[in-house]
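First up is the structure itself, then whatever we jot down about it.
The values are calculated or read from the model by the stated rules, or taken from the named source; none is laboratory data. Every value quoted in this text rests on a predicted model; they were computed, and no experiment measured them. All Cβ positions, glycine included, derive from the backbone under ideal geometry; neighbour counts span all protein chains shown.
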There are 2 protein chains.
Amino acid sequence: MAKKAVQGNMVIAQSGGPTMVINQSLVGAVLEAGRQPAIRQVYGALHGIKGVLREQFVNLSRENRTGLEAVAATPSSALGTVRMKPTVEDCARIFDILRTYDTRYFFYIGGNDSAETAHIINQEANRVGYELRCFHIPKTVDNDLRENDHTPGYGSAARFVAAAVMGDNLDNRALPGVKIDVVMGRHAGFLTAASALARVYPDDGPHLIYLPERPFSMDRFVADVERVYAKHGRCVVAVSEGIADENGEAVGAKYMREVDAHGNVQLSGSGFLGDLLAGQLKEHTRISRVRADTLGYLQRSFPGLVSETDAREARQVAVAAVRESVGKDVDGSMTIRRRPGKKYAVFYERVPLSAVARETRHMPARFIRASGTDVTKAFLDYARPLVGPLPAIGRLAERPVKKR
Amino acid sequence: MAKKAVQGNMVIAQSGGPTMVINQSLVGAVLEAGRQPAIRQVYGALHGIKGVLREQFVNLSRENRTGLEAVAATPSSALGTVRMKPTVEDCARIFDILRTYDTRYFFYIGGNDSAETAHIINQEANRVGYELRCFHIPKTVDNDLRENDHTPGYGSAARFVAAAVMGDNLDNRALPGVKIDVVMGRHAGFLTAASALARVYPDDGPHLIYLPERPFSMDRFVADVERVYAKHGRCVVAVSEGIADENGEAVGAKYMREVDAHGNVQLSGSGFLGDLLAGQLKEHTRISRVRADTLGYLQRSFPGLVSETDAREARQVAVAAVRESVGKDVDGSMTIRRRPGKKYAVFYERVPLSAVARETRHMPARFIRASGTDVTKAFLDYARPLVGPLPAIGRLAERPVKKR
């Protein structure tokens, strides 16, 4: 790779699942590129590397500032997105096209799969001797990227989850029973764990939190819920879609197979895990009112609920990536690191693409209580500044009137 | 019933499904009662008439103003709620208790079932000669109360639905396919129809809207989606949980029975209808990416997303009810009426309890397009002031780069 800034155009694209703030990263990168003399035109590829392969580029240098700021404040991926891992042949074709467009800067905004894509492209570029400054900009609601204290997209999604469970807890208190909320996160429990931020009063839910990091047992789940219900007369449960048994098999898949064996019926879809858990409670307990919701795609694209910290950092990490790209060292993944100390502050640091690519970061043990069904204060302290202040909640003092 | 204000205590309770603004009505009534010399103490019954029957009262006159305002801004029913229709025996017991607490004013906040409860209690009070000023204060996210232009709770729930579908449309645009959102409303389509407010650009979803007011055909649904998908390369669908076939049978129940006949498998739960519709598309079309979400309880209890108009009116209608109760005529349901004219304005009017009780109001024909899968401009004009301004959405100008 080159030792100093090289003149050329820049291609940027978005990849993987959308988030509420991924466009902040896009706009941050575009605006910063405009300030860098080494970077000439900024082209956006539509739907990630698929857009590169199809030569579907839009000229982002010609977007006006007002329009870009409106896009930055809009959830989901403005350039469109894709889930695609490039082959060696894809890379050869990508380089042909990037060369044609005089591209020397390549930015890929996404999660660990997208980091892997950037890593593959970077390795191939090195191998074939194409001077390309290849960067990954982090993004994922799952918060599961290695090397990062947290990832852009997580704070806003966590804010949605916390608000949703806060509302559900109020609903459940008014109309008691069991309420199960299924939260995104196939391998990492960070988003499900954020439901704990919903608590305001000591008896508030979520009363039970099930994470992929701890083996799930259906018997224990039923017993846990019965215990909470006996105590509070109600129970709010937050459960990760990725919960798995002691053998690592996803609970949803496991029970779906069992049902198939019985009746050859195709059971699938977004509601399955929640309905399964509710069904088990109805079958094995005497609790009459059991409801389940799957929070679904709203968690990553709901407008008007962004965490300000998340939005700011999503932009800054992209700005930092562009600044880094015109320096001496010329590839990598930008990460968010937290400064030690009581006051929340972060800085951005470049790491090798290989350090972030593919692998999943899980909830550390210190964030999970020994019970396995709750998070620790350390997690709450970790998550609170990322999510920002939640809506204020009030309760009646409920001064009882003496019975007559 | 009495011809002029009678001195006594007041009992107020909440009933039916919670909403984001039902506590505004509670607090409005409590504060206004404090201004009325005829009303002495205000008692809140916990969990509706169940709390009356169990003598579970809290003294709302002893709540401080700051606390009450915090409660007003909090979603869900602060007094707890119930779904219960009183028998004649219940009424006799209720009057025994209300008399013991020197109660002359009774307010029940809820939907058409709650209006029926108030109506029954009022009729029984008249029959047995108990002077009780019995009022219903409207509340329902379904917006299905007769006599009302709209109901408190609807605007905020509609705001949630519109924002959710707005986010889903952005998500679907970035990662194309079919997205189905199942919206609350078993008999009336107002909430599902509010998804149309999500549209900003001409190609924005929801592209198809299915309401309980129009018969649902699975074949037509599949054909509709295929047509939209062929045109836009994607499709966002908003569908009411209450869609029914030409015989009035709920689609969910109908297909659930069919599956039972095949395999004796218990299929139920919140996710069923969405999963069913997605499954049909996977089976009968070549569209590979089909997803469904059921918006669920978040629609009625999500904090921090209240429509200001909704919150204001929920309070005012309760204030109006209390003012009316100390006047000459002494029972009824307060309604929200819209003033004719371009500028949005409402007034509150008392109607007989029988006019609101039990029956469901449906979407009028002028709100539904001839296609049966979209709403009219008349509906959008009707709904927009109730929901308030939605988050601003931006798009890239997407100036294409010429292929080289």
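Would you check if A:Ile12 is more than 24 Å from A:Phe302 (Cβ to Cβ), out of contact with any Asp or Glu (no Cβ under 9 Å at 6 or more places or on another chain) and not aromatic (Phe, Trp, Tyr)?
Considered against the rule, which asks whether it is more than 24 Å from A:Phe302 (Cβ to Cβ), out of contact with any Asp or Glu (no Cβ under 9 Å at 6 or more places or on another chain) and not aromatic (Phe, Trp, Tyr), A:Ile12 comes out as yes.
Pull out all pairs, ordered by first then second residue, where Cβ-Cβ is under 8 Å, the residues are six or more apart or on different chains, the first lies in segment A:386-402 and is more than 9 Å from every other protein chain (Cβ to nearest Cβ), and the second is part of a loop (DSSP other than H, G, I, E, B) and buried (at least 18 other Cβ atoms within 10 Å of the Cβ).
A:Leu386/A:His150; A:Leu386/A:Ser307; A:Val387/A:Ser307; A:Gly388/A:Ser307
For segment A:222-231, state whether one or more residues are at pLDDT 95 or above, outside any loop (DSSP other than H, G, I, E, B) and within 14 Å of chain B (Cβ to nearest Cβ).
No, every residue in segment A:222-231 fails to be at pLDDT 95 or above, outside any loop (DSSP other than H, G, I, E, B) and within 14 Å of chain B (Cβ to nearest Cβ).
Considering only residues that are β-branched (Val, Ile, Thr) and part of a loop (DSSP other than H, G, I, E, B), look in segment B:121-165 and name the one that is farthest from A:Ala163 (Cα to Cα).
Residue satisfying both the conditions and the ranking: B:Thr151.
Scan segment B:173-214 residue by residue and report those that are without any contact (Cβ under 8 Å) to a residue 40 or more places away in the chain and either assigned to a loop (DSSP other than H, G, I, E, B) or not assigned by TED's automatic domain parsing to the domain that holds B:Ser288 (or both).
B:Arg199, B:Pro202, B:Asp203, B:Asp204, B:His207
Can you pull out the strands (runs of 3 or more DSSP E) entirely within segment B:270-373 that have at least 3 residues that are within 14 Å of chain A (Cβ to nearest Cβ)?
Where strands (runs of 3 or more DSSP E) fall fully within segment B:270-373 and carry at least 3 residues being within 14 Å of chain A (Cβ to nearest Cβ), they are B:290-294.
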